[in-house]
Amino acid sequence: MADASPVPVLKPVGPRVSPPSTGPGPQAPSASREPRRAPAFLWALPPVVALALVFLHPLFLVVRQSVSPDGGGFSLAPYADVFGSESFRSALLTTVWLSAGSAAGCLVLGLVLALVIAFVPFPGGGFVARFIDVFLSFPSFLITLALLFVYGNAGMANGVWTDVTGAAEGPFHFLGTPWGVLLAEITYFTPFVMRPLLAAFSQLDTAQIEVASSLGAGPVRIVRRVILPEALPALAAGGSLVLVMCLNEFGIVLFTGAKGVTTLPMLVYSEAILESDYPTACVVAVVNIAISVGLYGLYRVVSRRVGA
């Protein structure tokens with residue numbers, strides 16, 4: 001058998017075109033080094049130092065003074081003396097019942113007013129809601145001063161009474177009693193309950209209220225079964241905040257001039273400024289701080305459970 005002839009390979013006709021020269025291409029940029037980042041604790045160092053200088057160091061001095069009697073050294077005798085004194089027990093009892101009474105009054109009054117503003121349409125309702133935000137910035141002594149102008153011994157109410165009846169003095173003298181302090185604290189701290197309540201009411205689905213109303217539920221039942229469960233976290237937050245603030249309130253008690261009303265902050269003031277008894281004042285201050293921190297911890301636990 002004859003060998004098969006090789007198959008010819010076809011080549012392009014014409015001059016060979018060489019591929020265009022691209023020249024030296026740009027070099028790939030070398031991987032840049034990442035900047036070295038400072039350790040995380042360095043970023044936390046400035047605020048920690050500022051907090052230590054502004055707050056922790058003075059607090060440490062107060063605690064150290066509370067266990068350092070005038071003779072020097074370490075002793076718990078100042079605590080024993082303070083806890084055994086009648087003035088401290090009376091101030092503690094007055095502080096507790098005023099704080100609890102004010103918080104309860106603020107919760108009731110704040111809830112009623114917030115319900116009216118949020119769900120009862122009336123002219124000027126928006127202005128009242130905005131005024132509450134402004135009211136929160138008022139100093140406490142300003143509200144007390146306003147109450148003195150109205151219900152003080154020489155206030156408007158007593159002036160009108162004496163003008164009408166011809167009596168030598170009016171009947172309104174309650175501002176100098178614990179009930180006057182209670183009224184002033186409720187008047188001042190109620191907006192601190194209303195503000196979170198109004199925020200919670202603004203997010204409430206009004207369809208639930210409409211459905212409950214169409215099924216024949218009255219206003220009281222709608223508030224109890226529909227509105228209150230949704231407002232419970234805001235109510236707990238506002239009430240806890242007011243309780244802590246009333247516990248540490250100083251300006252209202254001082255400006256009402258209520259004789260015989262001595263709270264823990266007033267006792268600290270009288271012992272430190274008037275009596276120059278700094279160990280006793282520091283002991284009372286430490287007790288006041290401990291109660292405040294304990295109430296705040298309780299508030300955090302309650303707020304987590306109710307979903308605030």
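Among G126, G170, G110, which is the only one that is open to solvent by less than 20 Å² (accessible area, probe 1.4 Å) and under 23 Å from E230 (Cβ atoms)? Working first, answer last.
Numbers: G126 fails: open to solvent by less than 20 Å² (accessible area, probe 1.4 Å); G170 fails: under 23 Å from E230 (Cβ atoms).
Within the list G126, G170, G110, the selection yields G110.
Please state which of the following conditions F255 fails to meet, knowing it meets all the rest: (1) at pLDDT below 85; (2) out of contact with any Phe, Trp or Tyr (no Cβ under 8 Å at 6 or more places or on another chain); (3) surrounded by 19 or more Cβ atoms within 10 Å (Cβ to Cβ).
Unmet for F255, out of (1) at pLDDT below 85; (2) out of contact with any Phe, Trp or Tyr (no Cβ under 8 Å at 6 or more places or on another chain); (3) surrounded by 19 or more Cβ atoms within 10 Å (Cβ to Cβ): (2).
F138 - would you say it is surrounded by 14 or more Cβ atoms within 10 Å (Cβ to Cβ) and modelled with pLDDT under 85?
No, not satisfied.
Determine, yes or no, whether V293 is closer than 30 Å to R224 by Cα, among the β-branched types (V, I, T) and modelled with pLDDT of 85 or more.
Numbers: closer than 30 Å to R224 by Cα: no; among the β-branched types (V, I, T): yes; modelled with pLDDT of 85 or more: yes.
Criteria not met by V293.
Looking at F189, F201, which one is closer than 28 Å to F149 by Cβ, part of a helix (DSSP H, G or I) and within 27 Å of the chain's Cα centre (by Cα)?
F189
Would you pick out the residues in region 173-221 that are among the hydroxyl-bearing types (S, T, Y) and open to solvent by 30 Å² or more (accessible area, probe 1.4 Å)?
The answer is T177, T187, S202, T206, S213, S214.
Yes/no matrix, rows are residues, columns are (1) closer than 29 Å to V108 by Cβ; (2) open to solvent by 40 Å² or more (accessible area, probe 1.4 Å); (3) assigned to a loop (DSSP other than H, G, I, E, B); (4) modelled with pLDDT of 85 or more:
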{"position": "K259", "(1), (2), (3), (4)": "yes, yes, yes, no"}
{"position": "T262", "(1), (2), (3), (4)": "yes, yes, yes, yes"}
{"position": "M266", "(1), (2), (3), (4)": "yes, no, no, yes"}
{"position": "A272", "(1), (2), (3), (4)": "no, no, no, yes"}
{"position": "S276", "(1), (2), (3), (4)": "no, yes, yes, no"}
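E249 fails exactly one of the following numbered conditions: (1) among the acidic types (D, E); (2) surrounded by fewer than 18 Cβ atoms within 10 Å (Cβ to Cβ); (3) in contact (Cβ under 8 Å) with a residue 24 or more places away in the chain. What is the number of that condition?
Only one criterion is unmet by E249, namely (2).
What residue, of V283, V226, V242, is at negative phi and in contact with a Cys (Cβ under 7 Å, 6 or more places away or on another chain)?
Values: V283 fails: in contact with a Cys (Cβ under 7 Å, 6 or more places away or on another chain); V226 fails: in contact with a Cys (Cβ under 7 Å, 6 or more places away or on another chain).
Going through V283, V226, V242 in turn, the sole match is V242.
Here is a list: A207, A237. Which entry is touching a Pro at 6+ places or on another chain (Cβ under 6 Å) and more than 12 Å from A114 (Cβ to Cβ)?
A237
Regarding L182, is this residue of a type in the set (A, V, I, L, M) and in contact with a helix residue (DSSP H, G or I) (Cβ under 6 Å, 6 or more places away or on another chain)? Don't jump to the end; show me each part of the working.
Working: of a type in the set (A, V, I, L, M): yes; in contact with a helix residue (DSSP H, G or I) (Cβ under 6 Å, 6 or more places away or on another chain): yes.
Criteria met by L182.
So in region 147-156, with the set limited to residues that are in contact with a Phe, Trp or Tyr (Cβ under 7 Å, 6 or more places away or on another chain) and under 27 Å from S99 (Cβ atoms), which one is most open to solvent (accessible area, probe 1.4 Å)?
Going through region 147-156, the residues in contact with a Phe, Trp or Tyr (Cβ under 7 Å, 6 or more places away or on another chain) turn out to be 151, 155-156.
From what is left, the residues that are under 27 Å from S99 (Cβ atoms) are 151, 155.
On the way: Y151: 77, G155: 8 Å².
Only one residue tops the list, namely Y151.
Which number in (1) in a helix (DSSP H, G or I); (2) in contact with a Ser or Thr (Cβ under 8 Å, 6 or more places away or on another chain) marks the one condition that V63 misses?
Evaluating V63 over (1) in a helix (DSSP H, G or I); (2) in contact with a Ser or Thr (Cβ under 8 Å, 6 or more places away or on another chain) leaves (2) as the failure.
Looking at this structure, is V283 out of contact with any Asp or Glu (no Cβ under 7 Å at 6 or more places or on another chain), at pLDDT 85 or above, open to solvent by less than 10 Å² (accessible area, probe 1.4 Å) and of a type in the set (V, I, T)?
Yes; evaluated as a whole, the condition is true for this residue.
The values are calculated or read from the model by the stated rules, or taken from the named source; none is laboratory data. All values derive from a computational prediction rather than experimental measurement. Using ideal geometry, Cβ is built from the backbone for each residue, glycine included, and neighbour counts are taken over all protein chains shown. Areas reflect the complete protein model, heavy atoms only, side chains present, ligands, DNA and RNA absent. Shrake-Rupley method; radii C 1.70, N 1.55, O 1.52, S 1.80 Å.
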